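In what follows, a structure is listed as structure tokens, so that the remarks can point back to it.
The values are calculated or read from the model by the stated rules, or taken from the named source; none is laboratory data. Keep in mind that what you see is a predicted model, and the values were worked out from it rather than measured. Positions of Cβ are backbone-derived with ideal geometry, glycine not excepted, and every protein chain shown enters the neighbour counts.
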Amino acid sequence: MEHQLDIVVVGAGLSGLAASIQCALSGHLVMVLESARELAEIGAGLQLTPNATRLLQQWGVYDTVKDQVCEPATLTVLNYQGKVLAQEDGFDNNIRRKYGAPFSDCHRVDLQQALVKRAKELGVRVILSAKVTSIDVGNAPGSQAEVAIEGGNIYDADLVVGADGLWSTCRSSFLGRRDPPLPTGDLAYRIVLNINQIKDPKLRGMVQNPACRFWAGPDAHVVAYSMRSGNMYNVVLLVPDDLEEGVARTAGDLDEMRKLFEGWDPVLTQLLECVDRVDKWKLMHRKEMESWVNPHSNLVLIGDSCHPMLPYLAQGANSSIEDGAVLGLLLAPENFTSKEQLPETLQLFQQLRKARGEAIARETFKQRKDFHMRNGPEQEKRDELMLGQLGKELDGAFPSRWTCPEVQPWLYGYDAVKEVQAAVKSTKT
Ligand SMILES: Cc1cc2nc3c(=O)[nH]c(=O)nc-3n(C[C@H](O)[C@H](O)[C@H](O)COP(=O)(O)OP(=O)(O)OC[C@H]3O[C@@H](n4cnc5c(N)ncnc54)[C@H](O)[C@@H]3O)c2cc1C
């Protein structure tokens with residue numbers, strides 16, 4: 001087949017695996033190089049929104065995880081002292097009705113393994129312990145790229161997909177210089193509780209009846225949701241960054257963590273009493289790039305390597321899955337018939353994805369502002385606006401973008417397949 005490309009994907013995270021699946025479905029030879037020795041990241045939760053779950057459904061991946069995920073029946077925003085500011089009942093059904101796909105809370109490892117399984121079924125080669133050290137993109141457009149890994153092996157590719165996350169080597173290779181991520185000023189305490197760690201019946205009920213809860217407080221907020229069929233609870237505490245420069249991740253101190261939430265809702269503080277270990281993650285971001293595609297059109301960046309964001313709208317992974325899908329769909333035989341088309345195809349990819357990825361990243365910072373207000377006139381205005389709509393259908397811009405009638409549709413309503421079809425059609429007319 002003339003259109004078949006040799007594609008090397010760097011990184012078996014969610015963006016890399018999504019790209020691999022869709023590129024393999026489009027008939028290309030795909031190899032994934034992953035630095036980790038095994039794909040078992042320390043467990044934490046992931047909220048999947050319809051813009052990604054509709055793709056997972058199409059790929060047959062959602063079926064593999066559907067018995068392990070939780071669809072939250074309500075989404076509630078409380079102030080830090082536990083007063084309800086916003087609540088949507090029937091959230092699970094409303095989302096399916098509005099967007100035709102679910103909002104699902106899952107364990108990241110479950111999703112990653114389901115993606116790997118599907119990728120392998122489609123013939124994708126996943127090579128572990130393969131840390132990419134450099135990429136030689138050749139000296140002319142149309143050159144094959146050479147991807148070198150630690151230990152000396154080199155892999156040739158018509159196209160290299162840089163899906164190696166926040167600390168991307170592909171990005172540095174692309175720019176020709178070291179380009180470390182920047183602190184956002186916040187960090188996350190990541191907690192996973194097993195139902196057995198929770199003795200209080202009320203708290204156990206909270207875990208067993210899937211719902212999504214936010215507590216918004218001064219300079220910080222908390223998100224909590226059930227996963228693994230209501231047998232696990234994922235709690236993330238988002239607070240000002242006090243990690244030393246150069247420390248990206250470390251074990252957290254439990255007393256220090258609890259102290260930060262003294263005076264908050266007793267439901268939350270009681271929950272924090274159940275915690276016996278916690279990780280502290282510095283939240284990083286990056287400057288927007290001029291381009292995600294190199295001049296020779298044989299290296300393209302996707303996911304956190306080019307549009308990392310705050311996790312405050314749960315869109316980092318979801319938008320990375322969109323990236324992978326759009327790239328693979330543009331390379332489908334009905335849209336892509338010869339290697340010579342690679343430059344224009346990658347430009348179209350960038351046109352479809354860059355503005356959106358960056359807009360979502362910016363929106364996450366706006367969400368921080370609305371969820372981290374200190375007590376005072378601005379916070380009182382926010383609460384008034386939210387309480388004024390409590391129990392009613394929301395109308396207009398809403399401080400919680402999770403249910404905002406203006407933001408939610410452009411986040412969750414995005415359909416990668418339709419986007420690609422429309423874009424390809426418009427290039428032909
Ligand atoms: C606290 C927190 C909560 C979050 N919650 C959510 C959420 O609920 N929903 C959501 O959508 N997003 C969430 N995110 C964001 C999400 O985790 C990321 O946006 C997403 O994982 C990005 O995927 P990626 O594939 O681009 O990068 P990654 O997941 O980082 O994957 C990159 C892969 O590349 C590999 N790699 C790195 N360097 C090399 C190399 N040199 N050679 C070979 N392999 C390499 C890594 O080992 C890794 O497997 C959250 C983030 C945080 C910090």
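Picking from Glu363, Glu358, Glu380, which residue would you name as being in a helix (DSSP H, G or I), away from the ligand (no atom under 16 Å from the Cβ) and at pLDDT 95 or above?
Selected residue: Glu380, the only one of Glu363, Glu358, Glu380 that is in a helix (DSSP H, G or I), away from the ligand (no atom under 16 Å from the Cβ) and at pLDDT 95 or above.
Looking at the stretch 136-143, can you tell me whether even one residue there is in the same structural domain as Arg37 (by TED's automatic domain parsing) and either within 14 Å of the ligand (Cβ to nearest atom) or surrounded by 24 or more Cβ atoms within 10 Å (Cβ to Cβ) (or both)?
No, the stretch 136-143 has no match at all.
Specify which of the listed residues (Ser35, Ser20) is in the same structural domain as Val137 (by TED's automatic domain parsing), surrounded by 23 or more Cβ atoms within 10 Å (Cβ to Cβ), within 16 Å of the ligand (Cβ to nearest atom) and at pLDDT 95 or above.
Answer to the check: Ser20.
Going through the stretch 399-429 one residue at a time, which ones are among the hydroxyl-bearing types (Ser, Thr, Tyr), farther than 19 Å from Thr53 by Cβ and in contact (Cβ under 8 Å) with a residue 12 or more places away in the chain?
Selection gives Ser400, Thr427.
Out of curiosity, is Gly165 at positive phi, within 16 Å of the ligand (Cβ to nearest atom), within 22 Å of the chain's Cα centre (by Cα) and part of a loop (DSSP other than H, G, I, E, B)?
yes
Mind telling me which of the residues Ala332, Ala416, Ala422, Ala361 ends up being among the small types (Gly, Ala, Ser), under 24 Å from Pro218 (Cα atoms) and either surrounded by fewer than 23 Cβ atoms within 10 Å (Cβ to Cβ) or in contact with a helix residue (DSSP H, G or I) (Cβ under 6 Å, 6 or more places away or on another chain) (or both)?
So the residue among Ala332, Ala416, Ala422, Ala361 that is among the small types (Gly, Ala, Ser), under 24 Å from Pro218 (Cα atoms) and either surrounded by fewer than 23 Cβ atoms within 10 Å (Cβ to Cβ) or in contact with a helix residue (DSSP H, G or I) (Cβ under 6 Å, 6 or more places away or on another chain) (or both) is Ala361.
Right, Val278: modelled with pLDDT of 95 or more, more than 30 Å from Val137 (Cβ to Cβ) and surrounded by 13 or more Cβ atoms within 10 Å (Cβ to Cβ) or not?
Judged against the criteria, Val278 is a match.
This table checks each residue for (1) under 30 Å from Phe336 (Cα atoms); (2) among the polar types (S, T, N, Q).
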{"position": "His28", "(1), (2)": "yes, no"}
{"position": "Val61", "(1), (2)": "yes, no"}
{"position": "Thr76", "(1), (2)": "no, yes"}
{"position": "Gly82", "(1), (2)": "no, no"}
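Need the failing condition index for Gln47 against (1) in contact with a strand residue (DSSP E or B) (Cβ under 8 Å, 6 or more places away or on another chain); (2) within 30 Å of Gly151 (Cβ to Cβ); (3) within 12 Å of the ligand (Cβ to nearest atom); (4) not charged (D, E, K, R), just the number.
(2)
Which residues, taken from the stretch 184-240, are more than 29 Å from Met373 (Cα to Cα) and assigned to a strand (DSSP E or B)?
Result: Asn194, Met232.
Those residues that are in contact (Cβ under 8 Å) with a residue 60 or more places away in the chain and more than 23 Å from the chain's Cα centre (by Cα), I need them from the stretch 176-198; list them, please.
The answer is Gln197, Ile198.
Being surrounded by fewer than 20 Cβ atoms within 10 Å (Cβ to Cβ) and either in contact with a strand residue (DSSP E or B) (Cβ under 9 Å, 6 or more places away or on another chain) or closer than 14 Å to Trp59 by Cβ (or both): is that true of Leu14 here?
no
With the requirement that a residue be in a strand (DSSP E or B) and surrounded by 13 or more Cβ atoms within 10 Å (Cβ to Cβ), what does the stretch 248-274 give you?
Arg249, Thr250
Considering only residues that are assigned to a helix (DSSP H, G or I), near the ligand (Cβ under 6 Å from one of its atoms) and not small (Gly, Ala, Ser), which ones fall in the stretch 307-316?
Listed by number, the list holds a single entry, Pro311.
Given the structure, is Arg54 outside the structural domain of Asn209 (by TED's automatic domain parsing), buried (at least 18 other Cβ atoms within 10 Å of the Cβ) and either within 15 Å of the ligand (Cβ to nearest atom) or free of Cβ contacts under 8 Å to residues at least 40 places away in the same chain (or both)?
For Arg54, the condition - outside the structural domain of Asn209 (by TED's automatic domain parsing), buried (at least 18 other Cβ atoms within 10 Å of the Cβ) and either within 15 Å of the ligand (Cβ to nearest atom) or free of Cβ contacts under 8 Å to residues at least 40 places away in the same chain (or both) - is met.
Here are the criteria: (1) touching a residue at least 24 places away in the same chain (Cβ under 8 Å); (2) surrounded by fewer than 22 Cβ atoms within 10 Å (Cβ to Cβ). Tell me which single one Asn93 does not satisfy.
Tallying (1) touching a residue at least 24 places away in the same chain (Cβ under 8 Å); (2) surrounded by fewer than 22 Cβ atoms within 10 Å (Cβ to Cβ), Asn93 fails exactly one: (1).
This table checks each residue for (1) within 16 Å of Phe349 (Cα to Cα); (2) assigned to a loop (DSSP other than H, G, I, E, B).
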position: Asp276; (1), (2): no, yes
position: Leu283; (1), (2): no, no
position: Ser297; (1), (2): yes, yes
position: Asn318; (1), (2): no, no
position: Ile321; (1), (2): yes, no
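Identify, from the list Pro343, Pro333, the residue that is assigned to a helix (DSSP H, G or I), in contact (Cβ under 8 Å) with a residue 24 or more places away in the chain, not assigned by TED's automatic domain parsing to the domain that holds Arg190 and not aliphatic (A, V, I, L, M).
Going through Pro343, Pro333 in turn, the sole match is Pro343.
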